[in-house]
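The values are calculated or read from the model by the stated rules, or taken from the named source; none is laboratory data. This one's a predicted model, so the numbers in the text were calculated from it and none came from an experiment. Reconstructed Cβ throughout: ideal geometry from the backbone, glycine too, with neighbour counts over all protein chains shown.
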Amino acid sequence: MYLKEIRLYSDQDVSKCSFLETFHIQAEAITDLFSSYLNKIYTDKVRIVNINCVSEKNFEKPILISPFLDVCILYDVGTFNELGDEEKEKELVNLILRGMKVASEILDLDDALFMDIAKRISFLDYKNRFIWKKPKFSPDKKLKAYVRVEWGLQKVKVEIVIEDKKKNCILEEDVELKHPGRMGLDVLGELVWIDSKTVELRHQYIKDEVYQFSIKSV
């Protein structure tokens, strides 16, 4: 079994903050980026590590129920929203490292593996930017379309980009998302050319939610 995902949670009182200020929602972009670098880290029973950032009164011993491992670290989550965005991104990586130090002792892993990932994320300026899947070519092979994603703490930006063979940008348009965070990315279901000038982005789960983009001429 290989370690596939690391998640961050907290004992935050969500009734006292907006949805976008919720700790685990803001943490999703960084945990997704960190998890994307978990290349073939073998564990005996664990695929997902849940790191719970909690106060002393809510601190619990690690719980391993395959394929999950839950660990706790002490953290005053009330201070998190007082930080600026750049400080938050760095703080989230530090919290992952603290949690994975605990998890590494349980799973008999070298926590230097996770320090290396943190360095990579620092090199990327803590930004989760990526091209979703492979580009799709138009029926006449003259154009290619792809989806560009920038996943931030409180906002996800998804763009449809269409280029010609010389990589000239023919169209660049935002996809209007109805939800923040990971839920917003459910829009990434399928990218399909309808004809040589029109491409559709279809929601992963909602059949009727389709976004259509057309160019006037090439």
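Some points to look at:
- Within the stretch 188-218, the set of residues being more than 19 Å from K142 (Cβ to Cβ), surrounded by 13 or more Cβ atoms within 10 Å (Cβ to Cβ) and either touching a residue at least 60 places away in the same chain (Cβ under 8 Å) or among the hydroxyl-bearing types (S, T, Y) (or both) comprises just one member, Y211.
- Residue match in the stretch 71-84 (condition: in contact with a Leu (Cβ under 8 Å, 6 or more places away or on another chain) and not assigned by TED's automatic domain parsing to the domain that holds L191): yes
- Strands (runs of 3 or more DSSP E) contained entirely in the stretch 1-108, each with at least 1 residues that are β-branched (V, I, T) and under 22 Å from R129 (Cα atoms): 5-10
- Entry remark, the stretch 135-154: residues being touching a residue at least 40 places away in the same chain (Cβ under 8 Å) and not hydroxyl-bearing (S, T, Y) number 12 in total.
- For the stretch 34-84, the tally of residues that are out of contact with any strand residue (DSSP E or B) (no Cβ under 9 Å at 6 or more places or on another chain) and among the β-branched types (V, I, T) stands at 2.
- Number of the exception - W132 against (1) in a helix (DSSP H, G or I); (2) without any contact (Cβ under 8 Å) to a residue 60 or more places away in the chain: (1)
- For first residues located in the stretch 60-76 and touching a residue at least 40 places away in the same chain (Cβ under 8 Å), partners that are among the acidic types (D, E) and lie 6+ apart or on another chain with Cβ distances below 7 Å form the pairs P62/D70.
- Residue match in the stretch 172-179 (condition: surrounded by 17 or more Cβ atoms within 10 Å (Cβ to Cβ) and in contact (Cβ under 8 Å) with a residue 40 or more places away in the chain): no
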